[in-house]
Amino acid sequence: MVQRKNVAVIGSGAGSNAEAICTYALNADCAYAVALIVSTSPGAGMYTVAAAHSIPLRVLDPEKDIAGQISDLMIEYGIELLALAGFMKLLPTQIIEQLGGRVLNIHPALLPSFGGKGMYGIHVHKAVIAAKALKTGATVHLVTEQYDEGRIIAQDYVDVPTNCTAQELQILVKNVEHRIYPQTISAFLRNT
Ligand code: GAR
């Protein structure tokens, strides 16, 4: 029997990575349990995932101290790893330190290319197409106080189809994200 570690997922997007992370936890040999989902805005994506998997959902209050709210939630739910999934801001350093550096992010490109401030979501795929890149993909990396600069933990790629739109590319890359992110979280926790 695997001793599972408590993971929280935080984001504000469509919630598709949160969904993949929760679904992977149904595997008997998964090293984590999703104990909490945190939404940074009252969008529908995270609500749907949390409800479907019967996982507590907490929505951050933008009027209050963000670091303090996240910090309190990490303690309340005994969180050992925080997974960013569509979290578009810099995470306060205090949270990274509190979790002993066990904070991961998924980025929709092959870092170090197409990363940094302003490179998120569909903007990344538009930039990949504009640069006529032949390959793109997804990167799981450790979170630091800078955008997209932490150590790369896992990466996988797809070929960029000729004449594809940014939206079509996003779908292809999200398939990669959903495959590598949950596996990487589980393997990372097993090894730390
Ligand atoms: C994902 O594609 C993720 O890689 C990206 O936001 C999307 C969230 O989608 N993150 C970044 O761009 C971070 N720089 P989701 O809500 O469907 O998981």
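The values are calculated or read from the model by the stated rules, or taken from the named source; none is laboratory data. These figures come from a predicted structure and were not determined experimentally. Because the Cβ atoms are built from the backbone with ideal geometry, glycine has one as well, and the counts that use them run over all protein chains shown. Keep in mind that these areas ignore ligands, DNA and RNA; they rest on the heavy atoms of the full protein, side chains included. Shrake-Rupley method; radii C 1.70, N 1.55, O 1.52, S 1.80 Å.
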Expected output for segment 4-27 (first residue of a type in the set (V, I, T), partner in a helix (DSSP H, G or I), Cβ below 6 Å, 6+ apart or cross-chain) is V9/A18; V9/I21; I21/P182
Kindly state which helices (runs of 4 or more DSSP H) lie completely within segment 59-133 and contain at least 2 residues that are open to solvent by 10 Å² or more (accessible area, probe 1.4 Å) and within 16 Å of the ligand (Cβ to nearest atom). 122-130
Over segment 28-58, the set of residues outside any strand (DSSP E or B), within 20 Å of D72 (Cα to Cα) and either in contact with a helix residue (DSSP H, G or I) (Cβ under 9 Å, 6 or more places away or on another chain) or touching a residue at least 24 places away in the same chain (Cβ under 8 Å) (or both) is T40, S41, M46, A50, I55, P56
Looking only at residues that are assigned to a helix (DSSP H, G or I) and surrounded by 15 or more Cβ atoms within 10 Å (Cβ to Cβ) in segment 157-174, which one is nearest to the chain's Cα centre (by Cα)? K174
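Here's the yes/no breakdown for (1) of a type outside the set (V, I, T); (2) closer than 25 Å to H123 by Cα; (3) touching a strand residue (DSSP E or B) at 6+ places or on another chain (Cβ under 9 Å); (4) open to solvent by less than 10 Å² (accessible area, probe 1.4 Å):
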site: V9; (1), (2), (3), (4): no, yes, yes, yes
site: A18; (1), (2), (3), (4): yes, yes, yes, yes
site: T23; (1), (2), (3), (4): no, no, no, no
site: N27; (1), (2), (3), (4): yes, no, no, no
site: V38; (1), (2), (3), (4): no, yes, yes, yes
site: S41; (1), (2), (3), (4): yes, yes, yes, no
site: Y47; (1), (2), (3), (4): yes, yes, yes, no
